[in-house]
1. Kindly establish whether ILE168 is within 24 Å of LEU98 (Cβ to Cβ) and either among the hydrophobic types (A, V, I, L, M, F, W, C) or in a helix (DSSP H, G or I) (or both).
2. Those residues that are within 20 Å of ARG154 (Cβ to Cβ) and either open to solvent by 10 Å² or more (accessible area, probe 1.4 Å) or modelled with pLDDT under 95 (or both), I need them from region 189-211; list them, please.
3. Can you tell me which residue in region 111-152 is surrounded by the most Cβ atoms within 10 Å (Cβ to Cβ), limited to those that are in contact (Cβ under 8 Å) with a residue 24 or more places away in the chain and of a type in the set (A, V, I, L, M)?
4. Those residues that are buried (at least 17 other Cβ atoms within 10 Å of the Cβ), farther than 17 Å from VAL79 by Cα and out of contact with any Asp or Glu (no Cβ under 8 Å at 6 or more places or on another chain), I need them from region 28-39; list them, please.
5. Just to be sure, is ARG178 out of contact with any Cys (no Cβ under 9 Å at 6 or more places or on another chain) and either over 17 Å from GLU261 (Cβ atoms) or part of a strand (DSSP E or B) (or both)?
6. From ASP42, ASP100, grab the single residue that is of a type in the set (Asp, Glu), surrounded by fewer than 22 Cβ atoms within 10 Å (Cβ to Cβ) and within 15 Å of the ligand (Cβ to nearest atom).
7. I'm checking my understanding of the structure. Among residues of region 45-56 that are β-branched (Val, Ile, Thr) and open to solvent by less than 50 Å² (accessible area, probe 1.4 Å), which one is farthest from SER282 (Cα to Cα)?
8. From the residues in region 74-96 that are among the polar types (S, T, N, Q) and away from the ligand (no atom under 12 Å from the Cβ), which one is least open to solvent (accessible area, probe 1.4 Å)?
Amino acid sequence: MTEKVRILVPGVIRERVVDRLNERFTVVRIERDDPALLSPEDAAAIAGAAVSGTFGAALIERLPALEMIASFGVGYDGVDVTAAAARGIVVTNTPDVLNDEVADAAIGLLINTVRRLPQAEAWLREGRWVGEGAFPLSPLSLRGRRAGIYGLGRIGMAIASRLKGFGIPVAYHTRRRREDVPYLYYPSLEELAAAVDILIAIVPKTAETHRTVDARILRALGPNGVLINVGRGWTVDDEALAAALADGTIAAAGLDVFHDEPNVPPAFLDLPNMTLTPHVASASVVTRNAMADLVADNLVAWFERGAALTPVPETPVMRRAGPA
Ligand code: NDP
């Protein structure tokens with residue numbers, strides 16, 4: 001009997017991934033992406049990996065037979081994709097299956113931020129409706145607003161279609177203008193921020209997007225402005241945002257993602273015009289199961305049929321070399 005393909009799972013991942021992999025492969029689990037945790041025999045034999053979190057260059061270097069790293073999530077910034085590409089290793093992510101869930105959450109965060117629904121619920125639960133009367137009117141409204149989407153990709157498009165249903169005009173900024181959308185394009189983030197009063201960030205974590213939502217962009221967004229970030233915390237200058245919310249440079253912000261998760265800057269916790277969620281935009285059972293299945297499906301497709309389903313642009317290999 002031929003030996004089963006060995007798949008490495010470093011760190012925590014949704015157990016559904018491991019259950020699926022156990023059906024066809026030998027799964028090797030280690031606590032984190034630390035090459036010192038591997039036996040020499042496993043290190044030599046491991047041909048695939050499934051990861052939710054980090055997979056660094058040191059681990060890649062330790063695995064001479066590695067062909068594929070299947071990453072859980074559409075953002076794959078935890079995987080050293082440059083090191084993988086240099087070795088010809090295919091990295092896959094889980095695009096599309098979470099678009100609607102994340103877009104729903106972005107809209108929920110926007111409404112909560114603007115209409116203060118979490119605070120209103122707390123008012124009721126604390127007995128203040130009975131004791132003090134009606135919850136104060138929300139100073140902000142979605143009515144009459146225009147939205148700018150920073151990153152009109154798969155999820156950005158799903159957010160835009162929802163905003164259309166709310167009667168909110170949409171504009172966007174990306175590096176390349178899209179010819180296939182009816183939305184107004186701004187070639188710079190600052191011009192977009194100046195033209196709208198809701199700015200929704202849904203860009204990946206890359207060298208180019210680091211702290212791009214800074215004091216200048218927040219000033220352009222203006223005193224009625226609302227910032228929503230469902231992409232990566234990396235994209236926002238935290239100090240500039242806390243200052244802008246404290247001094248009224250912008251009106252409010254809603255964040256699902258942070259620089260140093262699960263740590264949230266203490267200044268954010270004290271700001272009444274900020275709504276915070278703990279990176280839950282895709283976090284429903286149905287969507288996380290679909291993401292888990294796509295991780296497993298990529299590895300099964302690669303090792304059983306010689307095909308990658310969703311390789312990332314940096315490692316665009318669709319077919320395995322040689323006979324599958
Ligand atoms: P896509 O790759 O489909 O879209 C990314 C968009 O960002 C594209 O429109 C791209 O356009 C734009 N973009 C990339 N770099 C820049 C830049 N430097 N300046 C301006 N625009 C840029 O990705 P998805 O929509 O599938 O996902 C986006 C990100 O959302 C993920 O990478 C992930 O980090 C985050 N995410 C967060 C979740 C959460 O739980 N909060 C859940 C899912 C995703 P162009 O290339 O033309 O610039």
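The values are calculated or read from the model by the stated rules, or taken from the named source; none is laboratory data. Keep in mind that this is a model prediction, so the values were computed, not measured. Here the Cβ is made from the backbone with ideal geometry for all residues, glycine too, and neighbour counts use every protein chain on show. Surface accessibility is based on the protein's heavy atoms, side chains included, excluding ligands, DNA and RNA. Shrake-Rupley method; radii C 1.70, N 1.55, O 1.52, S 1.80 Å.
1. yes
2. LEU189, ILE202, VAL203, PRO204, LYS205, THR206, GLU208, THR209
3. Checking each candidate, the answer is ILE149.
4. Passing the criteria: only LEU38.
5. yes
6. On the way: ASP42 fails: within 15 Å of the ligand (Cβ to nearest atom).
Answer to the check: ASP100.
7. Per the criteria, the residue is ILE46.
8. THR92
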